[in-house]
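What follows is a set of notes on a single structure, which appears directly below.
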There are 2 protein chains.
Amino acid sequence: MPDSNALPTVAVLGGTGKEGSGLALRWAHHGYDVIIGSRQQEKAESAAAELNALLGRDVVRGMANADAAQEASIVVLSVPYSAHRATLEGVLDEVQGKILVDVTVPIQPPDFMLAILPPGRTAAEEAQALVGSAVRVVSAFQNVSAVHLKDLGHGVDCDVLVSGDDAEAKEAVMALVEAAGMRGVDVGPLANAIVAESLTPVLLGINKRYKARGAGIRITGIDD
Amino acid sequence: MPDSNALPTVAVLGGTGKEGSGLALRWAHHGYDVIIGSRQQEKAESAAAELNALLGRDVVRGMANADAAQEASIVVLSVPYSAHRATLEGVLDEVQGKILVDVTVPIQPPDFMLAILPPGRTAAEEAQALVGSAVRVVSAFQNVSAVHLKDLGHGVDCDVLVSGDDAEAKEAVMALVEAAGMRGVDVGPLANAIVAESLTPVLLGINKRYKARGAGIRITGIDD
């Protein structure tokens with residue numbers, strides 16, 4: 001029987017990438033039960049082993065995406081936009097009734113610094129349309145630079161814009177934001193994901209233009 | 001003959017509103033030659049008089065929109081989205097060859113907290129399509145709260161995202177940003193105006209949700 005006080009199990013699909021594995025590390029460090037998902041189980045296991053080495057504990061597991069999604073109550077999707085639809089189609093059954101956190105940024109290579117709109121307006125809205133209304137989709141984490149995520153002692157100077165249509169699901173994601181050492185800001189309905197999704201290519205352009213590594217954003221005026 | 005060291009003449013169409021008149025005040029205070037434009041000359045003159053009273057000098061002029069645009073080399077458009085097209089159509093001839101700074105935010109009343117996309121993707125791109133390629137359109141100032149603009153001693157805790165397809169025009173707008181006491185951040189081509197335009201309804205929602213008056217944004221990671 002699960003411990004009712006235990007933090008939920010989080011699957012990070014695309015968790016072998018920089019962003020996904022950095023978030024996974026921070027969540028595992030904070031006490032979440034974390035599973036790295038990948039198309040290939042072997043790659044997921046090897047990414048999990050890397051995180052366990054950093055943590056000094058054998059707590060993160062690696063699985064194929066569908067198995068990871070099956071085990072979790074919160075499924076985080078952190079894949080390149082080109083893999084967005086296929087990854088979701090591969091876990092359609094496994095995510096039903098759960099919270100899906102979409103981190104995906106619609107980018108059209110080779111121009112990584114241009115804000116583009118996908119056919120469904122945002123990746124987050126495309127995800128919602130694909131998985132159906134029984135899945136609570138929350139959009140978050142797009143603007144967090146991966147640069148410092150794996151350095152647990154390093155603060156991340158970036159707010160996380162959190163949008164979604166279900167208040168309880170947004171609260172669960174706000175807790176994930178704080179567990180990763182950042183501040184979450186509720187920016188309203190899922191349709192407002194357009195801000196965070198279009199901001200990422202803009203931040204990549206700022207990195208290049210201002211010779212920065214990990215530009216981010218802060219919401220001002222809400223501290224007092 | 002004009003003084004070649006003088007700052008350019010700036011017309012603020014919609015300069016009777018809070019945002020436009022606040023920016024106009026700051027630019028006039030900094031030494032720009034500022035003209036308030038409005039559909040009705042009388043209203044423009046009365047707004048100019050109000051600013052001159054605040055400045056303690058009789059420097060700001062008020063004119064009908066087309067006359068204001070005719071006199072200026074930089075035309076700032078700060079109108080409700082519902083007046084965007086009509087205002088531009090009224091100054092089509094007068095803006096040719098000039099810099100047009102579009103501050104307009106596409107909002108669909110009554111929901112001021114939902115990011116929406118206009119038919120032309122962004123108001124800025126709609127403006128460019130309308131005025132033609134001889135006008136250098138720059139997008140800026142959408143996210144600046146009007147709350148503190150008229151208090152010249154008050155800092156504005158907000159960066160200004162500046163996008164546009166012409167480098168020289170962007171530089172002229174960067175100078176306007178600094179003159180108004182803020183930091184401008186070059187965010188690339190005009191198509192990236194989608195970030196600033198969609199961010200404003202999100203900030204209005206944040207104001208409501210977090211009981212703030214003038215939420216804004218800062219770009220982090222580019223200070224050092």
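The values are calculated or read from the model by the stated rules, or taken from the named source; none is laboratory data. Quantities reported herein were computed from a predicted structural model and do not represent experimental measurements. FYI the Cβ positions are ideal-geometry reconstructions off the backbone, even for glycines, and counts take in every protein chain you see.
For this structure, a couple of remarks:
- Selection count, the stretch B:89-117, where residues are touching a residue at least 60 places away in the same chain (Cβ under 8 Å), assigned to a loop (DSSP other than H, G, I, E, B), out of contact with any Phe, Trp or Tyr (no Cβ under 7 Å at 6 or more places or on another chain) and away from chain A (no Cβ under 14 Å): 1
- Here B:Ser46, B:Ser21 are screened, and the one residue that is hydroxyl-bearing (Ser, Thr, Tyr), assigned to a helix (DSSP H, G or I), farther than 10 Å from B:Ser78 by Cβ and modelled with pLDDT of 95 or more is B:Ser46.
Yes/no matrix, rows are residues, columns are (1) of a type in the set (D, E, K, R); (2) within 20 Å of A:Ile219 (Cβ to Cβ); (3) over 16 Å from the mean Cα position of the chain (by Cα):
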site	(1), (2), (3)
B:Asp159	yes, yes, no
B:Val173	no, no, no
B:Ile194	no, yes, no
B:Lys211	yes, yes, yes
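- Filtered by the rule that a residue be at the interface with chain A (Cβ under 7 Å from one of its Cβ atoms) and touching an Asp or Glu at 6+ places or on another chain (Cβ under 9 Å), the stretch B:190-200 gives B:Ala191, B:Ile194.
- Taking the stretch B:38-52 as the range and being touching a helix residue (DSSP H, G or I) at 6+ places or on another chain (Cβ under 8 Å) and either charged (D, E, K, R) or touching a residue at least 40 places away in the same chain (Cβ under 8 Å) (or both) as the test, the residues that pass are B:Arg39, B:Glu50.
- Residue, surrounded by the fewest Cβ atoms within 10 Å (Cβ to Cβ), within the stretch B:53-76, restricted to residues that are without any contact (Cβ under 8 Å) to a residue 60 or more places away in the chain and assigned to a strand (DSSP E or B): B:Ala64
- Residue within the stretch B:126-133 that is among the β-branched types (Val, Ile, Thr), in contact with a Leu (Cβ under 7 Å, 6 or more places away or on another chain) and either under 19 Å from B:Gly188 (Cβ atoms) or not in a loop (DSSP other than H, G, I, E, B) (or both) present: yes
- Residue tally, condition of a type in the set (D, E, K, R), in contact (Cβ under 8 Å) with a residue 12 or more places away in the chain and assigned to a loop (DSSP other than H, G, I, E, B), over the stretch A:138-195: 4
- Residues within the stretch A:196-224 that are in a helix (DSSP H, G or I), touching a strand residue (DSSP E or B) at 6+ places or on another chain (Cβ under 8 Å) and among the polar types (S, T, N, Q), tallied: 0
- Residue that is modelled with the lowest pLDDT [pool: residues in the stretch A:121-146 that are under 15 Å from the mean Cα position of the chain (by Cα) and among the aliphatic types (A, V, I, L, M)]: A:Ala146
- All told, A:Ser198 meets the bar of being touching a residue at least 40 places away in the same chain (Cβ under 8 Å) and of a type in the set (Gly, Ala, Ser).
- Hey, B:Val187 surrounded by 22 or more Cβ atoms within 10 Å (Cβ to Cβ) and touching an Asp or Glu at 6+ places or on another chain (Cβ under 7 Å) or not: no
- Screening the stretch B:165-184 for residues that are of a type in the set (A, V, I, L, M, F, W, C) and within 14 Å of another protein chain (Cβ to nearest Cβ) and picking the one that is surrounded by the fewest Cβ atoms within 10 Å (Cβ to Cβ) gives B:Ala167.
- Residue in the stretch B:120-137 that is more than 14 Å from chain A (Cβ to nearest Cβ), surrounded by fewer than 24 Cβ atoms within 10 Å (Cβ to Cβ) and within 21 Å of B:Arg209 (Cα to Cα) present: no
- Unique match (being surrounded by 24 or more Cβ atoms within 10 Å (Cβ to Cβ), under 24 Å from A:His29 (Cβ atoms) and within 12 Å of another protein chain (Cβ to nearest Cβ)) among A:Val160, A:Val144: A:Val144
- When the stretch B:201-224 is filtered for residues that are buried (at least 21 other Cβ atoms within 10 Å of the Cβ), facing chain A (nearest Cβ under 7 Å) and aliphatic (A, V, I, L, M), the ones remaining, listed by number, are B:Val202, B:Ile206, B:Ala215, B:Ile217, B:Ile219.
- Hey, A:Ala86 surrounded by fewer than 17 Cβ atoms within 10 Å (Cβ to Cβ), at pLDDT 95 or above and part of a loop (DSSP other than H, G, I, E, B) or not: no
- For B:Gly120, the stated conditions do not hold, so it cannot be described as out of contact with any Lys or Arg (no Cβ under 6 Å at 6 or more places or on another chain) and part of a strand (DSSP E or B).
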